[in-house]
1. Assuming V86 fulfils every condition listed in (1) modelled with pLDDT of 90 or more; (2) closer than 27 Å to E162 by Cα; (3) touching a Phe, Trp or Tyr at 6+ places or on another chain (Cβ under 9 Å) apart from one, which condition is it?
2. Looking at L157, L169, which is the one that is touching a helix residue (DSSP H, G or I) at 6+ places or on another chain (Cβ under 7 Å), closer than 18 Å to V213 by Cα, part of a helix (DSSP H, G or I) and not acidic (D, E)?
3. Return the residues of the stretch 86-110 that are within 16 Å of A154 (Cα to Cα) and hydrophobic (A, V, I, L, M, F, W, C); say none if nothing qualifies.
4. Within the stretch 212-225, is even one residue touching a Ser or Thr at 6+ places or on another chain (Cβ under 6 Å), modelled with pLDDT of 95 or more and either assigned to a helix (DSSP H, G or I) or under 28 Å from R81 (Cβ atoms) (or both)?
5. Kindly establish whether A79 is hydrophobic (A, V, I, L, M, F, W, C), outside any loop (DSSP other than H, G, I, E, B) and either farther than 30 Å from D155 by Cβ or at pLDDT 90 or above (or both).
6. What's the total number of residues in the stretch 136-166 that are among the charged types (D, E, K, R) and under 20 Å from F33 (Cα atoms)?
7. Quick check: anything in the stretch 46-55 crowded, with 17+ Cβ neighbours inside 10 Å, more than 13 Å from L133 (Cβ to Cβ), modelled with pLDDT of 90 or more and small (G, A, S)?
8. Please tell me if L64 is in contact (Cβ under 8 Å) with a residue 40 or more places away in the chain and under 27 Å from W138 (Cβ atoms).
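The values are calculated or read from the model by the stated rules, or taken from the named source; none is laboratory data. This structure is a prediction, so every number in the text was calculated from the model and none was measured. A quick note on method: Cβ atoms are made from the backbone with ideal geometry, for glycine too, and the neighbour counts reach across all protein chains shown.
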Amino acid sequence: MPSTQRPHAAKATPDQRRQPLQARAQQTIQTLFKAAAQILDREGEAALTTNKVAATAGFSIGTLYQYFPSKEVLLRAMAVRGQGMVLDALEDCLCALEARADVASANVQDVLRQVLRIIVQGFATGKGFSQSLIRLGWSVEQPDETASVVRQVADRLAIFFERIAHPQLPSPTAAQLFVLTRSVIGTLRSASLEKSPLLGSVALEDALVQVAVALLVRPGASRSVADTSTQ
């Protein structure tokens with residue numbers, strides 16, 4: 001039985017030198033992250049250096065190195081932070097849906113679309129971080145960290161489908177959730193790294209909804225995706 005504990009943001013990477021536990025340290029970390037994101041969006045990855053990040057943030061390079069000994073460690077920490085934000089956003093979305101009095105009778109494709117939209121925003125189109133930063137995060141990903149996040153997504157979805165007891169969405173098997181989460185997140189990873197023009201498009205969202213319907217919805221219980229609002 002998957003844990004019902006709310007997923008937490010991933011912890012600092014092993015190479016990170018200081019653990020930002022105090023409020024001032026947390027603020028320093030967030031300022032460095034923001035500076036790195038600004039440089040990346042304005043000037044691209046080639047311009048992203050630890051010296052420029054420190055200067056943009058208004059800190060000495062020594063202050064930056066107290067937390068991140070290299071640009072790679074900084075980027076990995078930002079990627080981990082982004083993964084945590086995705087899990088938090090997904091949790092908020094699922095909790096809101098679970099709280100709806102009419103969720104068990106809601107259009108099944110509308111329910112799946114809302115869930116998938118949060119995942120798309122977090123892993124590809126931007127939810128708290130820009131597309132360029134998400135893309136860079138994928139380029140420095142650690143497979144074990146990504147696998148952990150994907151497992152948390154699958155576990156939370158299992159709880160969600162059990163709780164809402166939607167007649168057209170029977171509790172999925174472990175195999176169904178495995179295929180769904182790896183198919184969706186793998187697609188988003190590729191689209192992000194390839195800078196696909198499909199990112200953010202209704203066509204991509206519709207295709208992902210079709211995958212979810214094919215895997216999860218009771219046969220004969222769904223309508224065509226084309227008939228469903230893509231609001």
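1. Single failed check for V86: (1).
2. L157
3. V86, L87, A89, L90, C93, L94, C95, listed by residue number.
4. yes
5. Working: hydrophobic (A, V, I, L, M, F, W, C): yes; outside any loop (DSSP other than H, G, I, E, B): yes; either farther than 30 Å from D155 by Cβ or at pLDDT 90 or above (or both): no.
No.
6. Qualifying residue count, the stretch 136-166: 2.
7. Taking every residue of the stretch 46-55 in turn, at least one turns out to be crowded, with 17+ Cβ neighbours inside 10 Å, more than 13 Å from L133 (Cβ to Cβ), modelled with pLDDT of 90 or more and small (G, A, S).
8. Numbers: in contact (Cβ under 8 Å) with a residue 40 or more places away in the chain: no; under 27 Å from W138 (Cβ atoms): yes.
Judged against the criteria, L64 is not a match.
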